[in-house]
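First the structure, in the form of structure tokens, and then the observations on it.
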Amino acid sequence: QVQLVESGGGLVQPGGSLRLSCAASGRDFSINAMGWYRQVPGKQRELVATITNDGSTNHADSVKGRFTISRDNAKNTVYLQMNSLKPEDTAVYYCNVRVSSRYRRIRGDYWGQGTQVTVSS
């Protein structure tokens with residue numbers, strides 16, 4: 001199996017910055033796409049940003065120009081740099097990793113435990 005550990009959430013004032021990290025660990029897998037999603041109570045989880053193996057990125061319109069997704073393949077880690085944060089960015093942020101493996105039981109999507117980001121003065 002693959003374990004994901006997120007870090008970097010917290011409370012920040014509007015206009016501030018945070019950097020989220022998500023590290024994947026385990027055996028017998030290789031990572032394909034990685035991404036970040038967020039969810040607020042009563043709403044569906046929504047895509048924030050994704051990044052492929054070759055570094056191609058996709059950012060939701062609501063975060064373009066403010067958030068940047070990146071990855072360190074050597075560390076199996078994905079990052080989300082969040083700048084110019086707004087109160088509407090408040091949510092639980094989840095990382096997602098899609099893996100492949102020679103073992104069918106390991107293949108698939110994995111989710112982090114979630115980290116709370118609160119933007120408030």
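The values are calculated or read from the model by the stated rules, or taken from the named source; none is laboratory data. Computed from a prediction, not measured in an experiment: that's the story for all the values here. Cβ coordinates were reconstructed from backbone atoms using ideal geometry, including for glycine residues, and neighbour counts include every protein chain displayed. Side chains included, ligands, DNA and RNA excluded: accessible areas come from the protein's heavy atoms. Shrake-Rupley method; radii C 1.70, N 1.55, O 1.52, S 1.80 Å.
Quick rundown of the values:
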item	result
Fraction of accessible area attributable to carbon and sulfur, the chain (%, probe 1.4 Å)	45 percent
Residue range of the chain that is longest and free of trypsin sites (Lys or Arg not before Pro) which are both DSSP loop and sparsely packed (at most 10 other C-beta within 10 Å)	44-101
Whole-number accessible area per residue in Å² for the chain, which is evaluated in the context of all protein chains at 1.4 Å	55 Å²
